[in-house]
Amino acid sequence: MSPIRRFLAWWLSELRAMLPGGGHRDAGLGSGRRVRVTVDEHAVVVSRVDGSRVRELGRLPGPAAPPDPSGVAPVVDLGRLSPRDTPCELAVASELALSKEVDLPGAAQENLGEVLAFEMERLTPFRAADVLYDYRVLGRRDGGKRVRVRLSVVPRRLVAPALAAFPGWDLRAVTGAGVEPGDGGEVRLLLRSARYRERGGTWLVGILALVNLGLLAGVLAVPLAQQRGQLAAIDARLEAARARAAASSLLEERIAALRSEIEALHALKSARPSAVEVIDELTRLLPDETWLYRLELKGGKVLLQGSSGQASALVGALEASPLLSDARFDSPVVREGAGGRERFQLSAQVEAIASAEGAAGDEPPRSASR
């Protein structure tokens, strides 16, 4: 932002702070006249708030209430309240809304509304078009590289019947208002009509025009009116670029995390010989008169159960393989009748590929024939 625009933004904030009910975003909820719409499962209560005075205007069925058999949408009599100068406070019970803390790159803070709308489906079960939402910045960390945000989301379908009781108002959520939760933990959003105009706005415009004239004559002596359009266009392009950069940063983090998971899975898979290689090695090592009743390969260990005419020689045969180690009998060898065969049950550890290749390099080559 240019020094001129920073000065004007500061000047505007100071002027608004001096207005009655003062401030900009939370003035409608801090004091002054507003409409309050309180929504829970069973009822919607519409009230008029004037400072500390609250007067109920009407009640509507809540989201859990059965639909009106007449099919006629209820309307609340708002009296002389006008959408042009009356904000709306929407207070939704915590069980009907979603409020969560999210962690975002620091570059996203300048365009949090656009970034949260872009990431809404990843952060919540909803699309941005299906919710009313607001956010509040909780703080920064890692030297400003990360920003912590409280995101408040209300599904439109739950409050649509309540907002329909305000025909012609066309209420919309004011993102960035950062309204605090209610005393009962309900999620509160600031809504305004598309036709809303802040009170005192005409006076502020006049003062700003005088300030601009003073700057033109006494300080800058440049045609700010001619440059204003160019600066606005440049700022719009910069804001759009920042929003895209913030979204790209989030995508890069997700890609890096997925790449790390894929590499870990690949390393785990390639660390040991495949089942086919182990079976092939056993076929080469075991004598021809050896029969297997059971072969199990699990957790880097091979289990063998069968019978052989030379069961006592099997441990040495398995130990000679570069793919196997720690061969041992798991139970005593049992002789089978008068045939001279012995029943055995043994196990061996399957070696990692790197160590197996090193062991193979230290041994002379052996023939595969038996």
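Every number here is computed from the coordinates shown, using simple stated rules; none is lab data. In this text the structure is predicted, and so the values were computed from the model without any measurement. Cβ atoms come from the backbone with ideal geometry, glycine included; neighbour counts cover every protein chain shown.
Based only on Cα atoms, what Rg/Rh ratio does region 275-362 have, Rh being taken as Kirkwood's radius?
Rounded to two decimals, Rg over Rh is 0.98.
Taking Rh as the Kirkwood radius computed over C-alpha pairs, what is the Stokes-Einstein D of region 305-344 at 25 °C in a medium of viscosity 0.890 mPa s, expressed in µm² per second?
Once the numbers are plugged in, D ends up at 227 µm²/s.
Between E110 and E56, how high is the FRET efficiency from 1/(1 + (r/R0)^6) when r is the Cβ-Cβ distance and R₀ = 56 Å? Nearest 0.05.
It comes out at approximately 0.85.
For V333, list long-range residues whose amide hydrogen, built 1.01 Å from N in the peptide plane, is under 5 Å from its own amide hydrogen.
Here nothing satisfies the definition.
Could you check the simple spin-label distance between R140 and E101, using points 7 Å along Cα→Cβ, in nm with one decimal?
My value for the distance between the label points is 1.8 nm.
Express the relative contact order of region 275-362 as a whole percentage, based on alpha carbon pairs under 8 Å and six or more residues apart in sequence.
28 percent
Taking 0.36 nm per residue of separation and subtracting the Cα-Cα distance, what length does fully extending A232 through L303 add?
Length gained between A232 and L303: 18.1 nm.
So if each residue of separation counts as 0.36 nm, and I subtract the Cα-Cα distance between S248 and A352, what length gain in nm does that give?
This chain segment gains 33.5 nm when fully extended.
Assuming 0.36 nm per residue, please report the length gained on full extension of the stretch L265 to E319 beyond their Cα-Cα distance.
Length gained, L265 through E319: 16.5 nm.
Using each residue's phi in region 321-330, evaluate 6.51 cos²θ - 1.76 cosθ + 1.60 at θ = phi - 60° and report the 3J(HN,Hα) Karplus result to the nearest Hz, with x for Gly and Pro.
Karplus values, whole Hz, x for Gly and Pro: 7, x, 8, 10, 8, 6, 6, 7, 7, 8.
Taking only the C-alpha atoms, wrap a convex hull around region 65-125 and report its volume per residue in Å³ as a whole number.
188 Å³
State the Cα centre-to-centre distance between region 148-198 and region 277-304 in whole Å.
With region 148-198 and region 277-304 each reduced to a Cα centre, they are spaced 68 Å.
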